[in-house]
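*Asks:* Right, I'll just put the structure down here and ask away after.
The values are calculated or read from the model by the stated rules, or taken from the named source; none is laboratory data. Since the structure is predicted, the reported quantities are computational estimates derived from the model, not experimental observations. Cβ atoms come from the backbone with ideal geometry, glycine included; neighbour counts cover every protein chain shown.
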């Protein structure tokens with residue numbers, strides 16, 4: 001028999017600034033990580049990676065317009081970092097605010113000279129809990145900046161493609177690189193759904209074998225996680241649609257062809273989530289029906305037992321009143337009392353009558369099909 005699931009639903013707690021804070025305020029969470037910065041430069045024939053201590057000299061390092069660059073930033077605990085983006089790279093403060101407040105839904109926005117996008121990276125932790133972190137993008141003509149909350153290496157697949165130079169990733173520009181990362185994030189949703197689909201199969205096996213309370217709790221947990229995933233996929237689909245409709249020169253028509261494929265994946269994910277939600281709901285209803293039917297069976301058995309013993313109890317109650325026909329002290333005959341108390345073999349006759357009544361009831365219930 002399968003064991004109950006051990007994963008738990010994790011609800012991330014975000015550190016929020018005080019209400020009424022000025023729009024564009026870059027909020028640095030004291031619990032966030034110090035930034036680690038890697039600069040990847042690549043072209044059709046070259047690939048190089050350099051670890052940076054600061055972004056102050058990023059303009060000098062990216063002045064070669066014949067190459068493209070990817071600046072990967074992990075950790076957001078640096079006011080100086082965002083000052084460089086604001087003062088030297090001329091990134092709008094509202095964009096920087098959205099990067100540091102890591103609770104935003106997926107979106108795509110156009111600005112003069114660059115594009116800004118947000119994605120949600122989802123994956124299952126070691127304990128089976130759903131981990132949800134924000135990945136932000138700033139795309140310029142030759143440079144793509146990505147921002148992550150943690151040091152987790154969730155973009156390794158794209159990095160390997162860059163290193164090996166497969167496909168269009170080195171020649172497609174920053175727009176294609178941004179698409180490749182977004183597409184990898186969307187593909188990770190399929191892995192999460194696949195894990196949950198297997199969990200639902202295990203829960204359904206337990207439901208059909210021997211249902212207990214843990215079945216309903218585990219299925220409800222899967223359903224809750226599916227709702228959380230739906231809140232990510234729906235805006236992700238809208239974001240892909242916004243990129244397809246944009247007139248920005250930073251997104252080429254060739255890249256938009258691939259974006260259509262990512263959009264189709266989002267639609268497919270929505271269908272899968274809705275189907276799995278319906279299955280989860282039907283399994284919960286099935287559990288409740290099974291428990292209700294089991295309770296009905298128990299009540300039917302108790303009803304049969306009660307129905308058999310009610311007339312027997314009635315007979316025993318009558319003869320338990322002990323109204324004697326003759327006063328044992330004076331010997332006086334008292335009319336209207338129980339003459340059966342002095343009948344020979346009355347005890348055996350009464351038991352036989354009670355057994356006969358019980359047998360007749362059992363035969364009646366059996367013919368009605370109550371014992372099936």
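*Asks:* Out of all the residues in segment 108-126, is one or more over 16 Å from residue 189 (Cβ atoms) and at pLDDT below 90? Reasoning before the result, please.
*Replies:* Taking segment 108-126 and keeping what is over 16 Å from residue 189 (Cβ atoms), we get 108-117, 126.
Cutting the leftovers down to at pLDDT below 90 gives us 126.
For segment 108-126, residues over 16 Å from residue 189 (Cβ atoms) and at pLDDT below 90: present.
*Asks:* So which of 98, 48 is farther than 28 Å from residue 245 by Cα, in contact with a strand residue (DSSP E or B) (Cβ under 8 Å, 6 or more places away or on another chain) and assigned by TED's automatic domain parsing to the domain that holds residue 139? Spell out how you get there, then give the answer.
*Replies:* On the way: 98 fails: farther than 28 Å from residue 245 by Cα.
48 is the lone residue from the list that is farther than 28 Å from residue 245 by Cα, in contact with a strand residue (DSSP E or B) (Cβ under 8 Å, 6 or more places away or on another chain) and assigned by TED's automatic domain parsing to the domain that holds residue 139.
*Asks:* Quick one: count up the residues across segment 159-187 that are under 20 Å from residue 243 (Cα atoms) and assigned to a helix (DSSP H, G or I). Break it down into steps so the answer makes sense when it comes.
*Replies:* Pass one, segment 159-187, residues under 20 Å from residue 243 (Cα atoms): 168-169, 171-187.
Keeping just the survivors that are assigned to a helix (DSSP H, G or I) gives 173-187.
Count: 15.
*Asks:* Please find, within segment 245-259, the residue that is nearest to residue 174 (Cα to Cα) out of those that are surrounded by fewer than 15 Cβ atoms within 10 Å (Cβ to Cβ) and within 32 Å of the chain's Cα centre (by Cα).
*Replies:* Here the answer is 257.
*Asks:* With the requirement that a residue be in contact with a helix residue (DSSP H, G or I) (Cβ under 7 Å, 6 or more places away or on another chain) and not in a helix (DSSP H, G or I), what does segment 243-293 give you?
*Replies:* The answer is 250, 251, 252.
*Asks:* Are there any pairs with C-beta distances below 7 angstrom linking a residue in segment 354-371 that is more than 12 Å from residue 305 (Cα to Cα) to a residue that is surrounded by 11 or more Cβ atoms within 10 Å (Cβ to Cβ) and modelled with pLDDT under 85, with the two at least 6 apart or on different chains, and if so which?
*Replies:* Here the result reads 354/315, each pair linking segment 354-371 to a residue that is surrounded by 11 or more Cβ atoms within 10 Å (Cβ to Cβ) and modelled with pLDDT under 85.
*Asks:* Also, quick follow-up: Which one of 20, 24, 75 is modelled with pLDDT of 85 or more and at positive phi?
*Replies:* Numbers: 20 fails: modelled with pLDDT of 85 or more; 24 fails: modelled with pLDDT of 85 or more.
That would be 75, the only listed residue that is modelled with pLDDT of 85 or more and at positive phi.
*Asks:* Please go through segment 73-84 and pick out each residue that is in contact with a helix residue (DSSP H, G or I) (Cβ under 8 Å, 6 or more places away or on another chain) and either in contact (Cβ under 8 Å) with a residue 60 or more places away in the chain or in a loop (DSSP other than H, G, I, E, B) (or both).
*Replies:* Taking segment 73-84 and keeping what is in contact with a helix residue (DSSP H, G or I) (Cβ under 8 Å, 6 or more places away or on another chain), we get 73, 76, 82, 84.
Selection gives 73, 76.
Table: residues versus (1) in contact (Cβ under 8 Å) with a residue 60 or more places away in the chain; (2) touching a helix residue (DSSP H, G or I) at 6+ places or on another chain (Cβ under 8 Å); (3) under 25 Å from residue 272 (Cβ atoms).
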| position | (1), (2), (3) |
| --- | --- |
| 157 | no, yes, yes |
| 165 | yes, no, no |
| 171 | yes, no, no |
| 180 | no, yes, yes |
| 202 | yes, no, yes |
| 208 | no, no, yes |
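*Asks:* Which ones in segment 48-66 are farther than 20 Å from residue 147 by Cβ and at pLDDT below 90? Walk me through how you get there before you give the answer.
*Replies:* As a first pass, look at segment 48-66 and keep what is farther than 20 Å from residue 147 by Cβ: 48, 60, 63-66.
If the condition is that a residue be farther than 20 Å from residue 147 by Cβ and at pLDDT below 90, then 60, 63, 64, 65, 66 are the ones that fit.
*Asks:* Picking from 66, 43, which residue would you name as being in the same structural domain as residue 150 (by TED's automatic domain parsing), exposed (fewer than 11 other Cβ atoms within 10 Å of the Cβ) and either under 15 Å from residue 174 (Cα atoms) or touching a residue at least 12 places away in the same chain (Cβ under 8 Å) (or both)? Don't jump to the end; show me each part of the working.
*Replies:* Details: 43 fails: exposed (fewer than 11 other Cβ atoms within 10 Å of the Cβ).
Within the list 66, 43, the selection yields 66.
*Asks:* Got at least one residue in segment 294-301 being outside the structural domain of residue 218 (by TED's automatic domain parsing) and outside any helix (DSSP H, G or I)?
*Replies:* no
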